[in-house]
Amino acid sequence: MLNRVFICVWFTCIVLASSIHSAECKSISLYSSNNPSPGFLTNSSFPENPEWQANWGKLGEMEPPYIRFSGQHNQTKNWKAVISFPQMPFYVSSGFLELKVRATQKVQIKIALEQAENNGLAYTTSINANQTHKLEIPISSLLSKSSLIVKGVSIELIQIPANQYTTLFLDDISFSCTSTTPITNTVLKSSDTLFVFSETIAEKAARTPLDTGAMPISYALKKHSDSAQIVLRSLSENQIVMTENEHHILQAKVLEKPSSPKQSWKSWNECLYYINKNRLNDSLFANPKVLFREANNFSASYNYQVIPILVGLFNYDYYLCNQKNSDSICIQKHLESSKIMVSGFSSSFIYGSKVEFILDPYFITTNQKTMPEIELFLHNQWVSLKIRSRITHSFDSLGLHSIPVKLYHGSDIIETTLLLEVR
């Protein structure tokens, strides 16, 4: 009888111990094609700044977007970058560091964890050119102690030859089956004023970049030839001229209902692509592609708890056909004027239920002298967000949230819905 009781107790202890152990076994995704969160470079000797959401198509088992480092040096040397992600720092004690790597040249790569207490150990391997390698590195082989605070992931390429242009791709970076404890993030406090609003004049193209260390993004190539631009400048009051088909595509896209937070986030940049490529000058307005990237990097720097509202407001012209010949080719056309107002979030997701929405003129691109008014539908009521102001909002649950947004400019009103994932 005693033996039977002992066996039952012993078996129960095993089950409890197993359940406790399995509860600790979880994964933390730092970067993936489904969660392409830009990181921060705390240290880098790579020739160029990384592209955080690159798309060179499918690279073996690597799906876009992914992180891309590229460049060349004029001398043989090691290239090293320490990347910190929004979820960091956290304690780690077990499991595996997993990631996919690919390079355009055969390289030797060294991977380590940036630790708060002291330098850890490194894992070194060779990867063949133009092959995607999936690495699974035991955490125990990277720690100098049984558990440490991890602040970043160190990636180093060994002795890259002089003048050899090399590209490195990284994707699906995660800690799998690891017992981790996040360090409490205290970014948002009601008493904090973390962001000082800029004195940017929104209708001017030139502005001081928020990230002075970032690589500049040039304007997209203009569609109109140099000779066509000379003619159109005298005809178009707005200095933006597109085809009738582009006009219809743009107007439909502004009102398109997003299917996912990611699609909702990308839509702002996709809409302004048509405005950008049909401009007749480079100095007409702030480069939307730059603002789109900088807004996302800005949110990442606040651990995705501060979301700038992106706004595009433009008057533009488009060709309307007056007369077609027997082959349905337009032989006479004139310019018509139109307008778009489009809003967007800097990110498709936030961390935690509390978020701060901000409206700064830096994140407004326009060819108008007067600024739009904006309202967000939060807690079942419309809340006005003025220029150089903020709204702190708490969501009541994790998951997908739809946020109606209204833009007002003169007598024009447009209402759209933006999606945001709360993680």
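The values are calculated or read from the model by the stated rules, or taken from the named source; none is laboratory data. The shown structure was predicted, so the numbers you read here are calculated from the model rather than taken from an experiment. Every residue, glycine as well, gets a Cβ built from its backbone with ideal geometry; the counts of neighbours run over all protein chains shown.
Of note:
- Residues (closer than 21 Å to SER348 by Cβ, modelled with pLDDT under 85 and of a type in the set (A, V, I, L, M)) located in segment 20-70: ILE28
- Restricting LYS100, LYS80, LYS106 to those that are surrounded by fewer than 16 Cβ atoms within 10 Å (Cβ to Cβ) and either within 20 Å of ILE127 (Cα to Cα) or of a type in the set (A, V, I, L, M, F, W, C) (or both) reduces the list to LYS106.
- Residue count for segment 322-350, restricted to those that are loosely packed, with under 10 Cβ neighbours inside 10 Å and of a type in the set (S, T, N, Q): 5
- When residues of segment 211-269 are limited to those that are within 23 Å of the chain's Cα centre (by Cα), among the small types (Gly, Ala, Ser) and loosely packed, with under 12 Cβ neighbours inside 10 Å, the one modelled with the lowest pLDDT: GLY213
- When SER94, SER84 are screened for being among the small types (Gly, Ala, Ser) and either free of Cβ contacts under 8 Å to residues at least 60 places away in the same chain or out of contact with any helix residue (DSSP H, G or I) (no Cβ under 9 Å at 6 or more places or on another chain) (or both), only SER84 passes.
- For THR392, the criteria (1) crowded, with 19+ Cβ neighbours inside 10 Å; (2) of a type in the set (S, T, N, Q); (3) within 18 Å of TYR304 (Cβ to Cβ) hold in every case but one, which is (1).
- Sub-9 Å Cβ pairs linking a first residue in segment 275-291 that is at positive phi and touching a residue at least 12 places away in the same chain (Cβ under 8 Å) to a second residue that is crowded, with 24+ Cβ neighbours inside 10 Å and among the acidic types (Asp, Glu), at least 6 apart or interchain, number zero.
- Of all residues making up segment 141-172, the number that are polar (S, T, N, Q), at pLDDT below 90 and either in contact with a Leu (Cβ under 7 Å, 6 or more places away or on another chain) or under 17 Å from THR125 (Cα atoms) (or both): 2
- Residues satisfying the stated conditions in segment 41-59, i.e. of a type outside the set (A, V, I, L, M) and either farther than 15 Å from ASP171 by Cα or not assigned by TED's automatic domain parsing to the domain that holds GLU156 (or both): THR42, ASN43, SER44, SER45, PHE46, PRO47, GLU48, ASN49
- So LEU284, is it over 21 Å from the mean Cα position of the chain (by Cα), farther than 24 Å from ALA202 by Cα, of a type outside the set (Phe, Trp, Tyr) and in the same structural domain as ILE340 (by TED's automatic domain parsing): no
- Residues of segment 39-59 that turn out to be of a type in the set (Phe, Trp, Tyr), more than 17 Å from TRP79 (Cβ to Cβ) and assigned to a loop (DSSP other than H, G, I, E, B), as a count: 1
- Considering (1) surrounded by fewer than 19 Cβ atoms within 10 Å (Cβ to Cβ); (2) in contact with a Ser or Thr (Cβ under 9 Å, 6 or more places away or on another chain), the lone condition that GLU356 does not fulfil carries the number (1).
- Tally, over segment 324-367, of residues that are touching a Phe, Trp or Tyr at 6+ places or on another chain (Cβ under 9 Å) and under 17 Å from TYR274 (Cα atoms): 13
- Taken together, the residues in segment 60-77 that are in a loop (DSSP other than H, G, I, E, B) and either outside the structural domain of GLN105 (by TED's automatic domain parsing) or under 22 Å from PRO36 (Cα atoms) (or both) amount to 5.
- Subset of segment 275-320 (residues that are among the hydroxyl-bearing types (Ser, Thr, Tyr) and within 20 Å of SER227 (Cα to Cα)): SER283, TYR316, TYR318, TYR319
- Residues within segment 227-255 that are among the β-branched types (Val, Ile, Thr) and assigned to a helix (DSSP H, G or I), tallied: 4
Each row is one residue, and each column tells you yes or no for (1) part of a strand (DSSP E or B); (2) among the aromatic types (Phe, Trp, Tyr).
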position: ALA295; (1), (2): no, no
position: ASN322; (1), (2): yes, no
position: HIS334; (1), (2): yes, no
position: MET341; (1), (2): yes, no
position: PHE357; (1), (2): yes, yes
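- Residue count for segment 112-136, restricted to those that are of a type in the set (A, V, I, L, M), buried (at least 19 other Cβ atoms within 10 Å of the Cβ) and under 30 Å from TYR304 (Cα atoms): 2
- Qualifying residues in segment 372-384 (those that are within 30 Å of SER337 (Cα to Cα) and surrounded by fewer than 18 Cβ atoms within 10 Å (Cβ to Cβ)) - the one modelled with the highest pLDDT: GLU375
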